[in-house]
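The structure under discussion appears below in the form of structure tokens.
The values are calculated or read from the model by the stated rules, or taken from the named source; none is laboratory data. Small disclaimer: the values here were computed from a predicted structure and weren't measured. Positions of Cβ are generated from backbone atoms using ideal geometry, with glycine treated the same way; all protein chains shown enter the neighbour counts. Protein only, heavy atoms only, side chains kept; ligands, DNA and RNA dropped before computing areas. Shrake-Rupley method; radii C 1.70, N 1.55, O 1.52, S 1.80 Å.
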Amino acid sequence: MLSLTGEKRAGRPALTAAELRQRKQSILDVTLTVVARQGADAVRLRDVARTAGVSIGTLQHYFDSRDQLIREAFDQHARYVVETIEKADDPTAEPWPRLAALFDAVAGKPDFTRRSALWIEFAAAAQHDAQLRQLMDGAYEAWRAMLQTVVDGGVRVKAFQPALPADVVVACLLALIDGFELAIAIEAGGAQPAAVVQQLKDTAQVLLGC
């Protein structure tokens, strides 16, 4: 059998490539849990190894350094968030239900508190890491583009009649979401995910004139 490090163990079949990829993904999931709990700057390989139940050598087999581990974990998280929102988008829906579904996908899921904490850690770490900044910019742009598409479509069929340009409305909604994520992450003012979803929808309706 192959250990996580790829070393053969007598008497057991080797892990397949798919199984090894799954092991790596599991390590990245654990890394995100540790980041959400401790903060990215405080995470050490031994913390991840202990929580994942593997050796530090196993981590070093998959990742050249702690920084690479953190980057790949954030990359996996960003992809997950974008994919979750994309799955919620129904291009055949009417503009407002379509937009409301995106807000539900962002803030209405059970893991919103954890995702908010990770997004704040992601932003803080990206200030000092060019590769993380690039990852974060890609995730942010993917989310902005989805919102822009829905808003533009609503304006086109006159379901939305914003007093501001559509791109300004989208920028305001993104800023509002980021602000709510910060409030949720630090538990400011008793912020609750369910209330955030409703406040997002109420504000969007005012901005979009619908």
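Assorted remarks:
- Over the chain: helical MRE at 222 nm, DSSP H runs n ≥ 4 each giving -39500 (n - 2.57), nearest 500: -24000 deg cm²/dmol
- Cβ crowding within 10 Å averaged over residues, with 66-75, 163-172 ranked highest first: 66-75, 163-172
- Scanning the chain for long hydrophobic helices, with DSSP H runs required to stretch 24 angstrom or more by C-alpha along their axis and to average at least 1.0 on the Kyte-Doolittle scale, returns 166-186.
- Cα principal axis extents for region 54-140, largest first, Å: 51, 28, 22
- Close Lys pairs in the chain, defined as Cα atoms under 22 Å apart and 8 or more places apart or on different chains, number 5.
- Ligands, DNA and RNA are left out, and with a 1.4 angstrom probe the accessible area of the chain is 53 Å² per residue.
- For the pair region 84-130 and region 140-210, the centres of their Cα atoms are 11 angstrom apart.
- Region 95-192 - Rg over Rh from alpha carbon coordinates, Kirkwood radius: 1.01
- Once the Cα-Cα distance is subtracted from the 0.36 nm per residue extended length, the ALA124 to GLU187 segment shows a gain of 20.9 nm.
- Compactness relative to 2.2 N^0.38 Å, alpha carbon Rg of the chain: 1.20
- For the peptides 85-93, 33-41, residues were scored by their other Cβ atoms within 10 Å and the scores averaged per peptide; the highest-first order is 33-41, 85-93.
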